[in-house]
Amino acid sequence: MTKRALLSVSDKQGLTEFAAGLVALDYQLISTGGTKRALEAANIPVIGIEDVTGFPEMLDGRVKTLHPKVHAGLLARRDVPAHMAQLKEAGIEPIDMVVVNLYPFKATIQRPDVTQAEAIEQIDIGGPSMLRSAAKNFAAVLPIVDPADYTPILDALKADAVTAEMRQRLAAKVFQHTAAYDALIAQYLTTDEFPAKLTLTYDKKQALRYGENSHQQAAFYENALPTPFSITGAKQLHGKELSYNNIKDADAALRMVSEYDQPAVVAMKHMNPCGVGLADNIEAAWDKAYAADSISIFGGIIALNRQVDLATATKMHALFLEIIIAPGFDDDAYAVLAKKKNLRLLTVDFDQAHTADRFETISVGGGLLRQEVDNQFETPADFTVVTKVQPTAEQLKALAFGQQVVKHVKSNAVVVTTADRTLGIGSGQMNRIDSTKIAIGHAMSKAGYENAILASDAFFPMDDCVEYAAQHGIRAIVQPGGSIRDKDSIAMADRYGIAMVTTGVRHFRH
């Protein structure tokens, strides 16, 4: 019996070569619309779907393959005599292969001027239906959704080597493809930011050598709809491939540096900033970030929000760094940095910062947590002075900077800063006093400490942090407030004559 293949594709890459190969293997080809015209133009014999169904296309092509002569031909089990008898009685011939890829819904909704009506017209109905029918009956029908499979399939057919494993793999790919397609449609139409059913879809960007540790396997996936301003949207210009830990650190650094309008440099290590500097130019900002912690920056990830110039590149080249990510590199700066073959140099379009993700998802055993990204930023206008001593104008600038930094530090988080640089960072401790001691311990020997302030991501449960800070030269503090013991911390600040402001906003980062 002649085998039949139904071809209906939006992506016509490799179509005619594959179709010609099928004809050479004595397949009869059935096709629709533009696919049929493309095959006819290539002088490949093909019959129209209406010749199979006996029913013309209708509703502007919305209905053409949704017909028993198609789906019965796909779904009939060849190993069930009753099925084959019913096909014969109804005059239906089996279909042995489906080659389908779907209307370009994704490309359509990425157009900035697309209307909802245009998007809805690109929701494929017949294509997924045929694919799902073929994939359900993969023991008898070859379901092909990916042009990359054309050559391997032809080779297997020629060698009579189509295995059950290959059929199952193709079926799995179909259901992955249609599930992702439907998830994208659901995302487009959903207005609830936390729907009862959360359908997300990602595309594999690259396999990773290993995960967090060398004994763990891992891969890197990106949103099905590209996010230009993200680590997935970054362009790697140089260096070896990114690792699992590189990606996490670079993501954290990029999120942080994007918050600053003036030239800024962030040095990130193990998901915590170890140095942040602001200045009038990127070289001076680098100097401040480096001076913040010249030890921890070793092996770090550096994010800059300005083009890297030669002077800055020369200073960075003197260190061992894992990644440098910036809007771009001057040619001479790139030449200097590219001398290190393993140093990863990445660029991101900072003009696209508005496209950054609004939500983040975190995996937990058995599920996900989803939340808005913490984009809250408190300015001095949001501060409430709770002490007798008022902060100076310079202290207010430093308090605002410290508040902006502390939300990017793992809790319990305490940072000591001036108005334009970090001096000490205490992160991830199980109690706030230890974070305070670590931050102050790092800061005390740094230039500018006489003007230092302290920022805390959450309230002080007791007055010990305030007392320790005051005893070690801190003259102003910013914290959310809200503890039942706020009055104790305020009284301690008044006792030492330091200024304290509250924001009413907590910035935990676990």
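At-a-glance table
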{"quantity": "Residue 318 vs. criteria over 25 Å from residue 413 (Cα atoms), of a type in the set (Gly, Ala, Ser) and either modelled with pLDDT under 95 or assigned by TED's automatic domain parsing to the domain that holds residue 262 (or both)", "calculated": "yes"}
{"quantity": "Residue 101 being polar (S, T, N, Q), within 30 Å of residue 155 (Cβ to Cβ) and surrounded by fewer than 18 Cβ atoms within 10 Å (Cβ to Cβ)", "calculated": "no"}
{"quantity": "Test: residue in region 233-243 that is polar (S, T, N, Q), closer than 18 Å to residue 349 by Cβ and either more than 14 Å from the chain's Cα centre (by Cα) or assigned to a helix (DSSP H, G or I) (or both)", "calculated": "yes"}
{"quantity": "Residue satisfying condition, being under 22 Å from residue 268 (Cβ atoms) and either modelled with pLDDT of 95 or more or of a type outside the set (A, V, I, L, M, F, W, C) (or both), within set 497, 481, 426, 504", "calculated": "426"}
{"quantity": "Search result, residues across region 18-73 that are assigned to a helix (DSSP H, G or I), modelled with pLDDT of 80 or more and of a type in the set (Ser, Thr, Tyr)", "calculated": "35"}
{"quantity": "Test: residue in region 4-25 that is in contact with a strand residue (DSSP E or B) (Cβ under 7 Å, 6 or more places away or on another chain) and farther than 22 Å from residue 171 by Cα", "calculated": "yes"}
{"quantity": "Positions within region 174-194 being touching a helix residue (DSSP H, G or I) at 6+ places or on another chain (Cβ under 8 Å) and not aliphatic (A, V, I, L, M), in sequence order", "calculated": "175, 177, 178, 181, 182, 188"}
{"quantity": "Residue satisfying condition, being among the hydrophobic types (A, V, I, L, M, F, W, C), within 18 Å of residue 127 (Cβ to Cβ), in contact with a Gly (Cβ under 6 Å, 6 or more places away or on another chain) and in the same structural domain as residue 121 (by TED's automatic domain parsing), within set 66, 39, 15, 74", "calculated": "66"}
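The values are calculated or read from the model by the stated rules, or taken from the named source; none is laboratory data. Note that this is a predicted model, so its numbers are computed, not measured. All Cβ positions, even for glycine, are placed from backbone atoms using ideal geometry, and neighbour counts span all protein chains on display.
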